[in-house]
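Scroll down for the structure; my scribbles are underneath it.
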Amino acid sequence: VCIDGLSELEIAIEYRKSDIFLSTGYPEGFGLPPLEALFSGCVVVGFAGRGGRQFLIDGVNSLVAEDGDCIGAAMKLIKVLQDSSLKEDIRKAGQAIRYEYNLSSMKKKIREFYLSVDSNIKRI
């Protein structure tokens, strides 16, 4: 299912109905669609893009090829389709990312960043 042009609610519904999310966007700033897919329980396969490299770890919580390597991405997709145990391990690891990318965690990281910048400014 192509999600381009769908509303946020329609996208969320499609993520929840899907087993695998094929991430084809690159380069991306942050890579929100693959992160949303992980949160929804999809196994992410494809490209990480620039931003996705922060949270998509090949063979751990996703299967990612080098950006633009369509053959490599196709091989990763075949691999996950043929190995249900691998798919479920990756799905579980992908779900665990929720603990890093939630509102309270992001507030804490922003606060820590602000305090480090503030203390460096005071030294100057």
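Across region 98-108, which residue is nearest to residue 41 (Cα to Cα) among those that are at pLDDT below 85 and either in a helix (DSSP H, G or I) or among the charged types (D, E, K, R) (or both)?
Across region 98-108, the extreme among qualifying residues is 98.
Quick one: is residue 39 in contact (Cβ under 8 Å) with a residue 12 or more places away in the chain, open to solvent by less than 90 Å² (accessible area, probe 1.4 Å) and farther than 22 Å from residue 13 by Cα?
no
Only one residue in 35, 63, 77 is assigned to a strand (DSSP E or B), closer than 16 Å to residue 21 by Cβ and either modelled with pLDDT under 90 or under 18 Å from the mean Cα position of the chain (by Cα) (or both), so which one is that?
From the options 35, 63, 77, the qualifying one is 63.
What is the one condition in (1) free of Cβ contacts under 8 Å to residues at least 12 places away in the same chain; (2) loosely packed, with under 14 Cβ neighbours inside 10 Å that residue 72 does not satisfy?
(2)
For residues that are within 16 Å of the chain's Cα centre (by Cα) and among the hydrophobic types (A, V, I, L, M, F, W, C), scanning just region 81-102, find the one that is surrounded by the most Cβ atoms within 10 Å (Cβ to Cβ).
Within region 81-102, the match that is surrounded by the most Cβ atoms within 10 Å (Cβ to Cβ) is 90.
The values are calculated or read from the model by the stated rules, or taken from the named source; none is laboratory data. Bear in mind that the values here come from a model prediction, so they are computed numbers and not experimental data. Cβ atoms come from the backbone with ideal geometry, glycine included; neighbour counts cover every protein chain shown. Quick note on the areas: whole protein, heavy atoms, side chains included, nothing else; ligands and nucleic acids left out. Shrake-Rupley method; radii C 1.70, N 1.55, O 1.52, S 1.80 Å.
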